[in-house]
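Novice: My structure is below; once you've seen it, I'll send some questions.
Values in this text are rule-based calculations from the coordinates and carry no lab data. Being a predicted model, the structure only gives us computed values, none of them experimental. Don't worry about glycine lacking a Cβ; one is built from the backbone with ideal geometry, like all the others, and counts go over all protein chains shown.
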Amino acid sequence: MMKFWLVLLVMWLGGDWARADWPMARGNAQRTGNVDGQGGPKSPKVLWVQESTDHFLSAPSPGNGMIFAPALGTLNSGVMSALSSEPGVAADKRVVWSKSQPSLKLPTVCSPAVVGGQIIFGDGMHQNESPTLYCLDAASGAAVWQLSIPGALIHLEATPAVVDGKAYFGAGNGGVMCVDTSKVTLDGKDLEAGAVAQIFAAKWKELQAKYEADKKKDPDFAIPPSEDALPKPAPKLAWQQGGQGKWHVDCPVAVAGDAVLAGSAHLDAENSGDRALFCMNRADGAIKWRAELKLNPWGGPSVSGDLAIVGCSSIRFDPKEIAGAKGEVVALAMSDGALRWHKDVAGGVVSPVAISKNGLAIFTATDKKVYALDVKSGEQKWMYEAKAPFFGGVAIAGESVYAADLNGVIHAIGMADGKLQWKLDVGKQTKALGNIYASPVVDGGRLYIGTCNIDSQDARKTVLICVGEK
């Protein structure tokens, strides 16, 4: 924390930090898990392994030489860590910064959006309420702003979509919200976001001076300042749609052109939420159309030209419910929500469908299969079968499709034919047995994914792993 106010001034002054933004779930509205256009690893060469006791349930998000990884820590505390993505970094130096309690209030499973040198993410899971949306400086982890959202069954589980200075996100029973990230409110005053760092720097200097004075008076009782003591500016709420339990939006929203797409689930136990896909006007949240769904859209919407592709499932991320799970992938017209095609799946589709440049809709299911369908017709082009169910979706990079099954095996599959190129058993490779719930991410030719052990009766180490050529 030393010289923290100088870090904040550097943040405010800015710079060309961001190599490539990661502005929404899986990097883009096509949910490819890759935004730089580079191919992925051609062999299962492990570049580095970071051991942990945290649980990596969600995918990391890449930034400039770093990977931002949400996790569940001790007693389900929320953790957000920035790790160096470069090989050759010692394990004790790989974590650049990390946030947990009291900076993060609730469990964190939300992969962050990475835009303009900042990361934006939320906290809370289904059992939680009254979450917070956070914005941190990506390089230092310094707080920029945060928005508290009170209410029962409100939580922020999925990556926000950040476009043109606005952040769009699902909030459980809070529906869909849009905030203006360029303007914040502090002590009832409207400020430009760029002015916040100056205020933080002045406050930090004041706190540090008080600490130094207290040390001179009584060093045994002097308490060093913490980031939690800084002011907490909040972004301006632009609009909210489907709140008060009308919708229940846990999956990531997609932004395409002037449209925001959001999948709402129906919660049987709580008798809450409208099971449908909604299309809203990006400017004001006005509903353009609603398309009813048979199953809950836990996979959320992906966009392919004039089509919205939605993965649906009868179950969520619960291994005990895999037997008998059913799924569906639905293609709807972006113009009016009309059904173009659908495919029934003998397993739940709980992660987003990825859309390739050559017109394939590729997704995983809990029936141990990876499917590739023609985007326009829904016709199956190929199917790859593993030996374990899939919770995480796929990443598409170059001519390969990457998926990781629940038992911790990474599969590299040929996009043209669905044939296995290579596979890697993460548990055997790292001697850290665990499950993979998350979808892989490919950035700079390297693949990143983490493991978890939340269903294990005994405490085991977990890993965040990087696979690549160099």
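Novice: For Lys42 and Ser226, compute 0.36 nm times the residue count separating them, minus their Cα-Cα distance, and round to one decimal in nm.
Specialist: 61.7 nm
Novice: In what sequence do Thr185, Thr366 fall when counting other Cβ within 10 Å, fewest first?
Specialist: Going from sparsest to densest Cβ surroundings: Thr185, Thr366.
Novice: Starting from the Kirkwood radius over alpha-carbon pairs of the chain, derive D by Stokes-Einstein at 4 °C in a medium of 1.567 mPa s and give it in µm² s⁻¹.
Specialist: 58 µm²/s
Novice: What's the exposure ranking of Cys466, Cys312, going from fewest to most Cβ atoms within 10 Å?
Specialist: Cys466, Cys312
Novice: Another question, then. Among Thr159, Thr74, Thr430, what is the fewest-to-most ranking by other Cβ atoms within 10 Å?
Specialist: Neighbour counts put them in this order, fewest first: Thr74, Thr430, Thr159.
Novice: Quick check: the distance between the Cα centres of segment 114-186 and segment 332-403, to the nearest angstrom?
Specialist: So the separation of the two Cα centres works out to 28 Å.
Novice: Regarding segment 361-470, what is the average projected area of its C-alpha convex hull, in nm²?
Specialist: Projected over every direction and averaged, the Cα hull of segment 361-470 covers 7.1 nm².
Novice: Please give the net charge around Ala361, taking every other residue with its beta carbon less than 13 angstrom from that of Ala361, where Lys and Arg add +1 and Asp and Glu add -1.
Specialist: +3
Novice: How much length, in nm to one decimal, is gained on full extension between His342 and Ser456, taken as 0.36 nm per residue of separation minus their Cα-Cα distance?
Specialist: 37.4 nm
Novice: If you don't mind, another one. With the convex hull built on the Cα atoms of segment 254-333, state its orientation-averaged projected area in nm².
Specialist: Averaging across all directions leaves 5.7 nm² for the Cα convex hull.
Novice: 222 nm [θ] for the chain, helices only, -39500 (n - 2.57) per DSSP H run of 4+, per residue, to 500?
Specialist: -2500 deg cm²/dmol
Novice: For Glu292 and Glu212, what does the FRET efficiency come to when R0 = 51 Å and r is the distance between their Cβ atoms, rounded to the nearest 0.05?
Specialist: Efficiency for this residue pair is about 0.20.
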